[in-house]
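Just so it is clear, none of the values below were taken in a lab; they were calculated from the coordinates. Everything numeric in this text was worked out from a predicted model, so none of it was measured. FYI the Cβ positions are ideal-geometry reconstructions off the backbone, even for glycines, and counts take in every protein chain you see.
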Amino acid sequence: MRKLDIKIGYRCNNFCLHCVQGDKRKKFPKRPIRDVLRELAIARHECDAVVFTGGEPTLHPNFLSFVKFAKRLNYAEIQIQTNGRMFSSVDFTEKCIKAGANHFAPSLHGHNSDLHDFLTHSPGSFAQVCQGIRNIRKYTKNIISNTVISRFNYRYLPEIVKLLVGLRVDQIQLAYVHITGTALKNKDTIPEKKSIIMPYVKKAIRLGKASGKRMCTEAIPYCFMAGYEKYIAEAFIPPTKMVEQSFTVDKYEEFRVTKGKSKGPHCKDCIYFVKCEGPWREYPLIFGWDEFKPVQKKLK
């Protein structure tokens, strides 16, 4: 299934310390209606799924109209990538479901309000996303949560997974922070070495699997995932066309490898050299390549 990832505006009611979009909310106005409708219609010839992203896509004044149009175009999967706050309203949730949305990807970055609200710089956001997930769950099982791993929350990943299990999401993704945008401005405080976070990542995966949840990681190379290779999301992310406000990437899966990520001096000696994408290229510029140890053979 080929997917259209369309950013309909960078406005957001969170101000996350790890945000990859940075100050785009100041540079770009909301996406014009005709532009979004045109991109949806063009992409339907090659894409079976669409994900509305941003910023926070639910804040676009024409958001529900875009979802309805995607449904009219018979996109099989209509996903909303969201901070979840708007879905704390039952009325909004019902309208979104009725419009045609059938997959949801809410973000939750802490196991309690102190941590989540600190990372989002938005008091009350934790309570709203938790209620939003509960509201969505009344209508669909297709909830894929996303947690951005940072120096502030990696120790609490198992607790975050326990919370998400209790909220009855269907899949839990743990994504290492992409050090661009606001995250790059906070590069001295936000990212932590992958070798340090991994015990907590693996414990979180075990807890999720024990509870029957689908688990995956993003932006964590194979050399850190010994025994957990099957949870690497890059192995099954669908081919994607990404439409930003200022440019389009027709094959994001290729762009991600050639422009977004990089490989180190010893990666060619690893058995996963061909299939592994490596880390986001900003990571080794900060931490270097010493942590990356080529895998010589698979663990049984």
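Using a 4.7 Å Cβ cut-off, which Cys residues in the chain lack a partner cysteine?
Those would be 12, 47, 96, 130, 216, 223, 267, 270, 276, since no other cysteine Cβ in the chain comes under 4.7 Å of theirs.
Tell me which residues come under 5 Å, amide H to amide H, from residue 122 once H is placed; ignore anything under 5 positions away on its chain.
15
Okay, which of region 256-297 sit inside 17 Å, backbone N to the point 7 Å along the Cα-Cβ direction of residue 235?
Only 270-279, 295-297 pass the distance filter.
Which lysines does residue 162 reach when only Cα atoms under 26 Å apart count, and residues fewer than 8 places away in its own chain are ignored?
Result set, ordered by chain and number: 138, 141, 193, 194, 202, 203, 209, 213, 230.
Based only on other Cβ atoms within 10 Å, what is the fewest-to-most ordering of 297, 241?
Fewest to most other Cβ atoms nearby, the residues stand as 297, 241.
On a 22 Å Cα-Cα criterion, which of the cross-link pairs 187/251; 30/68; 71/259 come out too long?
187/251; 71/259
Loop by DSSP (not H, G, I, E, B), at most 10 other beta-carbon atoms within 10 Å: where is the longest site-free stretch of the chain for chymotrypsin sites (Phe, Trp or Tyr not before Pro)?
1-235
Which of the trypsin sites (Lys or Arg not before Pro) found in region 73-153 are loop residues per DSSP with 16 or fewer other Cβ atoms within 10 Å of their Cβ?
Those that pass, being in a loop and sparsely packed, are 138, 141.
So for the chain: antiparallel DSSP bridges make up what percent, rounded to the nearest 5?
Percent antiparallel among DSSP bridges in the chain is about 10.
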